[in-house]
Structure formats: structure tokens, C-alpha cells
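Trainee: Okay, here's the structure, questions in a sec.
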Amino acid sequence: MRTDAAARPPRFGPRARRAALYIALIVMAVPFVVPTLWMITSSFKPLNEIFASPPSFFSANPTGAAYAEAFSFQPFARQYFNSVYIALVVTATTMLVSSLAGYAFARIRFPGRNLLFVVVLVGLLVPGEVTIVPLFQMFKQAGLVNTHWPLILVTAFAAPCVLATFIMRQFFIALPIELEEAARIDGLGRFGIWRRICLPLARPALSAVAILTFLSSWNLYLEPTVYLTSPELFTLPQALTRFTDAYGGEMWNTQLAAATMTAVPVLVVFIFAQRQFVESLAHSGLKG
Amino acid sequence: MADTRIKPREAAPASRGPAARRRRVWTMSRADAAAGYLFIAPQLLGVLVFVIVPVGLAIWYSLNEWNVFTGATTFVGAANYQAALDDPQLPKVLGATAVFSGGVVVLNLALGLALAVMLNRRFRGSVLFRTLFFSPVVVSVVAWTLVWGFLLQDNGGINGVLAALGADGPNWLQSGPTAMIAVTFTQVVRSVGINMVLFLAALQGVPGELYEAARLDGAGSRRIFFRITLPLISPTLLLTAIITIVGALQSFAQIAVLTEGGPGLSTTVLVYYVFQQAFSFNDIGYGSTLALMLLTFVMVLTVIQWQLRRKWVFYED
């Protein structure tokens, strides 16, 4: 069998193979694409159509009622704002902290540098799901439970920030040192070199860090579930799961409308900045 | 140690050449070292306060019994660890964790590799397909899982489509095996895009001459895949396997939103069990003990991954 493989002509022509490839890809794409589309179209369905049998993709009588209800049932606008501002604060803090630390670990020589870098890397080793038990007690002692501080501080300094520091360090190690030397001779101090020479050059790494950090804050679910109890403090992922009626039944169309409002803006940004997203998220493979 | 670092003129090996000599200019000043400490201070302090101290506390908590009502603690030594050994639920939880993580790894790697191989060559629409397969990665986990929960209801979209095809779908989330399939599948579909990208990068790194030579020697495409492609990208395969297991061990939101660990304990993985013990049942001592167990699994896997990464750095990118 194997020896005559070379002599035997391919069973199918290139056209048939191409067609088979397309069919296979389209079938495989269904679970990746249809749920998102179904979420969007179903969010415009009136409640009685949500579980229609046979299911229809588009609504016969589209309505925006679920969107209105999302805002009236919970302080959804407030929750949306919470998620956005927390993610922005975390992202800005992480960019600052990680670019400083990443630069120092890459460029400045000081006693104990390698040891301290290993200490920082421990932050990547320990999942937030493990530390949340003691962290909750710490924040309780500090009177910060049911505030946004735990979500901001832990994300901005622990695992996501350590990953960012690692990415920044790798970037600065690869950066040619000549520019900095010239600036040094011109009398610029370390801070000036970092600020004026290195940061402007670090745009690609910083945008990777920004995307990664924003998404990890935006997606937090365990932390808000543990720390927050007041609906007006909730973040989006947590709020999404609270659209239940008095009997604990899920208000599906309202949930889907809220989920659409959560997911679609990020998807739109992703479509426009695909390369940056893919490259930065591939970094997250480092952590898992 | 401090002295040798500050005066690298004696310490630096001569073999480092001109680059090392030039760098000496940078290492001479104490002020520069001070700047270094200042630059890393926020990150270092952050890790100490939000990671290392909590791990220490978790160890301390695991040695104590907590009174839920008074908040008083009593030192109980290894009692919580003994409780873990005696916990009749824990074997089931660890079993579910193994099935979930194992299922996620196998499916994720197989699907990720298949997608990467199919999309490795450029053809009309290949970029669009890459985008589609990657897109769930950027959708919020909770939103993604909610939609799947909606589709997996007994009268939901998936059973609706099955009914239209004349098949009778199960009540997915209400029986153990199908609930496990559901959480595994939704986790894989959401995250396989990352592995696809990592595999695509690895496939690009396989030298084209190897394929040509193999083809000249008369190897078929299946043989080329198993004898050339697969061995050459095996480092990436192993690394992504570990990364994927570590990710699966930390999947909390998927489980919490889709099944809440149920029905029964069938989808209660370790991370969800930790949450239940520590926050639903307020058993801080036992919750910490289980959290340390989770930490041990993740640490062992991550350290292996780092060792392998160092060893195979050549293959990366």
C-alpha cells in the first residue's frame, strides 16, 4: 500500500478537495458563529418566540423590549459603567506598573535582580482562584468588601500584571540598546530614558498588554461574585447572571439582550484590530 | 554579592566582548541600581501583598478550624488535610476534574491542530475562517456560556434543530454525562482559537524543504503529517497541552453559569468545589486546604511547562 502511494494519482482532483475543505470548514464554524448570531437575533424576539418550535433564527415580530427591560430590571447602565471604568483603571495601572518593572528587569542591573524577577514570576504561578480565599479575608479586615477595590487592585498587580511585566521585559530585552546609550550620554536619567525613549518604542508591546489586561478585567466573574453584594456595584458578567424573575426562572430574552450588549462592542473592536488581538492573546498562552 | 555586581569590571567574563564592555557604563552607578529598585517596587510589592502573603495565609488557614458564627479560629494541625482524605465527595470532584480537564485537552488539541492544518495555506476566505474560529476568545466567558445554556435547554435551540431533523435530543444539562459533555464542549469552542494560532505559528516554522524532500521520496500527505509535521511541532503540542490543562483547572465561570456543578456532583470540578466550601459553606479552613491542592496541581504543571519552554526555545515562533 505504502510503497505505491507515489505512483498512485490522488483520488480527488484539486477542485473536489477545495470544495471538501470549504464544506468541512463551514460545518466546523457552526458552533463558533451560530451561538453569537443566535444570541443577537434572539435578543430581539418577544418572550413567546424565544423557545418556539421549530426554532427560527429571526423573529417574526422583532422588538427592543428586552433591551429596555435590561435597563429597568437592574441598574444595568450603572453596571456597564462599572465594568468599563474598572477595566480602564486596571489597564492604565497595569501598563504603568508593568512597563516600569519590565524595563528595569530587562535593562537596569541591580543586586538581586534575577532573584526578585523569580519572586515576581510567582505571581504567574499562583492562580487567582487559589488566593481568593485568603484575599477575601484580607479585604474584609480592610473594610473593602463590597467595593471595587479588590477587583482593581488584584487584577492590576497580581497575575495579569505579572504577565504584562513579563511581556514588557521580553520586549525591552530585544530592543537595541544604542538609542538609550545616546540618550544617556546626552544626560537623560533612567526615568527620562524610560519615558522619552523606551515607552514610545514599546507601542506594540503596550498594546498587547492593554488588550490582555482589558479583557481579563472585563471577563472577571469569580471575583465580583465573591466580593460584591450590591447590584449597583455589580460588573457586567455578574449582572448577566442576575436576570431572573421572582421564581428564580431565567428571563432569557433580557439576559440575551444584556449579553449582546456585553459581547458585541468587544467583537466589533476585535474585527477592526484583529492582528493586535490575536498576537496579544497568543501571549496569554504563556499563562494559560 | 552586591560588591561584585556594582563593580562588574572584575566580575564580567572577558569573553562577553564589546557588548558587555559597553554595558559596564550602565552598571557602575549606585543611583542606577536605586532607580531599578524604584521601577520594580510597585510590581514587587503588588505580588508580595496580593499573591505571596495570601498563599502564606492560605497555608495558615488550612491548619485552622474556623467558627462560622464567631469568626474564632482554633489551631487544628492537619485535621483539614485528614478531612480531605475522608471527604466522600472529593474523589468524585477529582474524578470530574480529571474528566473535564482531560476532555478539554484532547478535544482542544485535536480541534486546534485540525483547524491550523486546514488554515495553514492561504486560500480565498482563509483569513475570514481564522477570524471566525478565533472570535469566541474575545466574547465574555459569561455571555458565551449563557448563550450555550440557553441553546442547551430542553426546549432550546439545539434540541429544536434535532427535533426538526427527527431526533429526540436529551435534556443536556439535567443528566451527568451530557452536562459534562456540554461544559467540555463549550469550553473547547470558546478557547480553541488560541491553540489554533499557536499551532499555525508552529506549522509556519516547519521548513518547506522537508515537505518537498518527503514528497520526492514518495510519502503521501497523511504520512508526511504523522512523520514530519507532528514530530516537528511536538514541543508546541506538549506546551499547549499543559497550558490548556492549567486553563481547564481554572475554569470557574463556565461551570458556575452552565451547571453550578450539577446535576449532583457530576460537573463539580475542584475550582468550583473550592468556591463552594469557602464561600457557600464558609468553611475557610477546608476551602484553603482544597485551594492549596489546586495550587499544587497548577504549580507542578506550570513548572514543567517553563522547563520545557526553556529547553525548546529553539522551536518557538
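The values are calculated or read from the model by the stated rules, or taken from the named source; none is laboratory data. Computed from a predicted model, the values in this text were never measured in an experiment. For neighbour counting, all protein chains shown are included, and Cβ atoms are generated from backbone atoms with ideal geometry for every residue, glycine included.
Residue-by-condition table, conditions (1) over 14 Å from the mean Cα position of the chain (by Cα); (2) free of Cβ contacts under 8 Å to residues at least 40 places away in the same chain:
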position: B:VAL183; (1), (2): yes, no
position: B:GLU209; (1), (2): yes, yes
position: B:GLU212; (1), (2): yes, yes
position: B:SER221; (1), (2): yes, yes
position: B:LEU230; (1), (2): yes, yes
position: B:VAL246; (1), (2): no, no
position: B:VAL257; (1), (2): yes, no
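Trainee: Of all helices (runs of 4 or more DSSP H) completely enclosed by the range A:173-288, which ones contain at least 2 residues that are in the same structural domain as A:CYS161 (by TED's automatic domain parsing) and of a type in the set (D, E, K, R)?
Mentor: Qualifying helices (runs of 4 or more DSSP H): A:178-185.
Trainee: Criterion first (closer than 26 Å to A:LEU153 by Cβ and of a type outside the set (Lys, Arg)) does A:THR260 satisfy it?
Mentor: In short, no.
Trainee: Return the pairs, sorted by first residue and then second, in which the second residue is assigned to a helix (DSSP H, G or I), the first residue lies in the range B:149-168 and is outside the structural domain of B:ILE255 (by TED's automatic domain parsing), the beta carbons are less than 6 Å apart, and the residues are 6+ apart or on different chains.
Mentor: Going by the 6 Å Cβ cut-off, there are no qualifying pairs.
Trainee: Is there any pair with a first residue in the range B:68-97 that is β-branched (Val, Ile, Thr) and a second that is surrounded by fewer than 16 Cβ atoms within 10 Å (Cβ to Cβ) whose Cβ atoms are under 7 Å apart and which are 6 or more apart or on different chains, and what are they?
Mentor: Qualifying pairs under 7 Å: B:VAL68/B:ASN282.
Trainee: For the range A:173-187, state whether one or more residues are within 16 Å of the chain's Cα centre (by Cα) and either within 13 Å of chain B (Cβ to nearest Cβ) or modelled with pLDDT of 90 or more (or both).
Mentor: The answer is no; no qualifying residue exists.
Trainee: Now for a separate question. When you scan the range B:78-144 for helices (runs of 4 or more DSSP H) that lie fully inside it, which ones turn up with 2 or more residues that are within 17 Å of the chain's Cα centre (by Cα) and at pLDDT 90 or above?
Mentor: Hits in the range B:78-144: B:90-119.
Trainee: Look at A:THR155 and say whether it is β-branched (Val, Ile, Thr), at the interface with chain B (Cβ under 10 Å from one of its Cβ atoms), closer than 30 Å to A:THR254 by Cα and touching a helix residue (DSSP H, G or I) at 6+ places or on another chain (Cβ under 9 Å).
Mentor: So A:THR155 fits the description; yes.
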